[in-house]
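Below is one structure, written out as structure tokens; comments come after it.
The values are calculated or read from the model by the stated rules, or taken from the named source; none is laboratory data. Computed from a predicted model, the values in this text were never measured in an experiment. Methodologically, a virtual Cβ is constructed for each residue, glycine included, from the backbone with ideal geometry; neighbour enumeration extends over all protein chains shown. SASA here: full protein model, heavy atoms, side chains in, ligands and nucleic acids out. Shrake-Rupley method; radii C 1.70, N 1.55, O 1.52, S 1.80 Å.
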Amino acid sequence: MWWRRRRSDDDFREEVNAHLDLDTDRLIAEGMSPELAKAAARRAFGNVARVQERFYESRRILWLDHARQDFIYALRSFVHNPGFALVVVVTLALGIGANTAIFSLVNSLLLRPLPVRNPEQLVVVVDPSRGLDLPASVPNLLSFMWNYPMWVQIRQRPQLFDGAFGYFYSRFNLSSGGETEFVDGLYASGRFFETLGVAAIRGRTLTDSDDQRGGGASGPAAVISHSFWQRRFGGASDVMGRTLHVDRVPFTIVGVLMPGFTGPVAGRAPDVVIPIGTVSLVRGPEFLDRAGINWITITARLKPGQTLDAATAALRGVQSQIREASLPPRSQNPDAYLKNPLALLPAGRGNPLAPQRVRAERPLLTMQMAVVLVLMIACANIANLMLARGVARQHEMSVRLALGASRWRLMRQLSVESLLLASVGAVCGSILLYRAVRAGA
């Protein structure tokens with residue numbers, strides 16, 4: 001404790017004074033005058049200030065104690081000059097807050113892997129030959145969306161991958177009558193959650209037995225997200241078995257997903273997931289048989305040790321059978337459809353051709369570069385302020401050098417001041433970001 005150290009310093013000072021008094025008394029007893037005896041005792045003892053300084057250094061961790069002193073001195077200097085500190089902190093807070101906000105979007109949509117098991121093994125099946133006349137900035141929906149017969153052909157060949165699933169995003173109306181209530185929904189195949197490695201915290205996930213035309217043996221089943229469970233049902237423990245109307249069709253809730261599940265597309269988390277087979281209940285019994293409609297995204301998981309090239313070669317080895325079985329009845333160019341090679345793209349960060357990802361990628365990166373430039377300009381302005389403040393403190397630094405402060409000590413003091421300003425600015429920027437996110441939510 002600091003007060004104990006201060007008391008030890010006082011005791012040592014009293015001990016030094018007592019020693020000098022004893023020497024002075026001894027010299028006086030030998031015949032010296034009090035003034036000469038006192039001076040002779042001090043000469044014999046040596047530099048009292050240096051002795052006290054050595055004792056002070058022996059009782060402390062010097063760098064920690066000096067850091068404490070520099071921190072306190074920096075706080076005092078900012079209190080005496082609040083305008084400078086306020087300008088620097090506000091400038092840093094705005095720059096850091098803006099950069100953090102944009103980077104969080106870039107990270108969630110473009111950089112962060114999907115929160116599933118081994119996301120680096122996920123690939124999406126695409127047809128590079130379709131939609132070649134579209135601009136590069138336009139999402140090429142034709143290249144990764146397939147008809148239902150194509151998904152059936154992939155599903156019937158489990159030897160190709162370590163699992164595969166199909167899905168389709170949609171908007172579900174949960175109103176059983178009257179005013180509509182739309183939520184983000186997802187049609188998913190039976191092994192969707194099993195292939196992704198996503199579990200349910202309550203109940204179960206969908207299975208192949210649920211993914212049947214018209215629903216499973218127990219009727220149409222649905223799985224809901226954790227956030228939807230909290231928002232719609234208040235986290236009720238008896239949510240399993242309740243009925244949820246999807247486009248006026250009753251579904252039975254069989255499970256609640258783990259928190260943080262965002263689905264196979266980054267930034268698009270579904271509230272309700274129902275089997276692909278039940279689309280015949282929602283959109284009509286003939287919908288699944290329409291080979292001319294491309295609506296399913298097919299994603300697979302590579303086998304352990306299987307490379308992307310090896311998986312592509314295996315897929316193209318059975319391409320002719322798959323293409324022939326899924327050929328649309330009114331295809332304008334059937335020969336090209338049968339011959340165009342299939343391809344696989346990495347999907348560990350979500351479908352790279354998803355519309356919201358393609359549309360958001362360039363604007364987000366542009367905004368990120370813009371806010372980084374703003375932060376650099378802000379830092380340059382702060383550097384100019386620091387230089388101007390340093391010029392104004394030349395007399396202070398000269399006095400401190402004259403009193404014995406080393407250049408390293410002055411550099412450390414200025415570094416502590418800069419670090420303190422940067423830390424306060426970063427904290428304020430984080431608070432601004434948090435409040436903005438809360439307000440937007």
| query | Among the residues of the stretch 150-170, is any under 18 Å from Ala269 (Cα atoms), modelled with pLDDT of 90 or more, in contact with a strand residue (DSSP E or B) (Cβ under 9 Å, 6 or more places away or on another chain) and open to solvent by 30 Å² or more (accessible area, probe 1.4 Å)? | reply | yes
| If only one of Ala378, Ala370, Ala388 is at pLDDT 85 or above, of a type in the set (Gly, Ala, Ser) and in contact with a Leu (Cβ under 8 Å, 6 or more places away or on another chain), which one is it? | Ala378
| note | Residues of the stretch 61-81 being over 34 Å from the mean Cα position of the chain (by Cα), in a helix (DSSP H, G or I) and of a type outside the set (A, V, I, L, M, F, W, C), in sequence order, are Asp65, His66, Gln69, Asp70, Tyr73, Arg76, Ser77, His80
| query | Restricting the stretch 276-294 to residues that are of a type in the set (Gly, Ala, Ser) and either at pLDDT 85 or above or open to solvent by less than 20 Å² (accessible area, probe 1.4 Å) (or both), which is nearest to the chain's Cα centre (by Cα)? | reply | Gly277
| message | Let me spell it out: the conditions are (1) at pLDDT 85 or above; (2) within 18 Å of the chain's Cα centre (by Cα); (3) under 30 Å from Leu160 (Cα atoms); (4) among the aliphatic types (A, V, I, L, M), and Leu122 meets all of them except one. Which number is the exception? | response | (2)
| message | Can you tell me how many residues within the stretch 297-311 are under 16 Å from Pro128 (Cα atoms) and open to solvent by 20 Å² or more (accessible area, probe 1.4 Å)? | response | 2
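If you check Arg268, Arg248, Arg204, which single one turns out to be more than 29 Å from Pro158 (Cα to Cα), among the basic types (Lys, Arg) and in contact (Cβ under 8 Å) with a residue 40 or more places away in the chain?
Arg248
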| task | Among residues belonging to the stretch 311-332 that are under 13 Å from Gly292 (Cβ atoms) and out of contact with any strand residue (DSSP E or B) (no Cβ under 9 Å at 6 or more places or on another chain), point out the one that is modelled with the highest pLDDT. | result | Leu327
| said: I'd like the full set of residues that are farther than 16 Å from Trp295 by Cα and touching a Leu at 6+ places or on another chain (Cβ under 6 Å), limited to the stretch 163-182. | reply: Glu181
| request: Scan the stretch 173-190 residue by residue and report those that are open to solvent by 40 Å² or more (accessible area, probe 1.4 Å) and either over 14 Å from Ala222 (Cα atoms) or touching a Cys at 6+ places or on another chain (Cβ under 6 Å) (or both). | output: Ser176, Gly177, Gly178, Glu179, Thr180, Glu181, Phe182
| field | Number of the exception - Arg157 against (1) in contact (Cβ under 8 Å) with a residue 24 or more places away in the chain; (2) closer than 24 Å to Ser108 by Cβ | value | (2)
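Out of Val246, Val152, Val239, report the one residue that is of a type in the set (Val, Ile, Thr) and in contact with a Leu (Cβ under 8 Å, 6 or more places away or on another chain). Steps first, answer last, please.
Details: Val152 fails: in contact with a Leu (Cβ under 8 Å, 6 or more places away or on another chain); Val239 fails: in contact with a Leu (Cβ under 8 Å, 6 or more places away or on another chain).
Val246 is the lone residue from the list that is of a type in the set (Val, Ile, Thr) and in contact with a Leu (Cβ under 8 Å, 6 or more places away or on another chain).
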| query | So which residues in the stretch 382-441 are farther than 20 Å from Thr100 by Cβ and either β-branched (Val, Ile, Thr) or touching a Ser or Thr at 6+ places or on another chain (Cβ under 8 Å) (or both)? | reply | Met386, Val391, Val399, Val416, Glu417
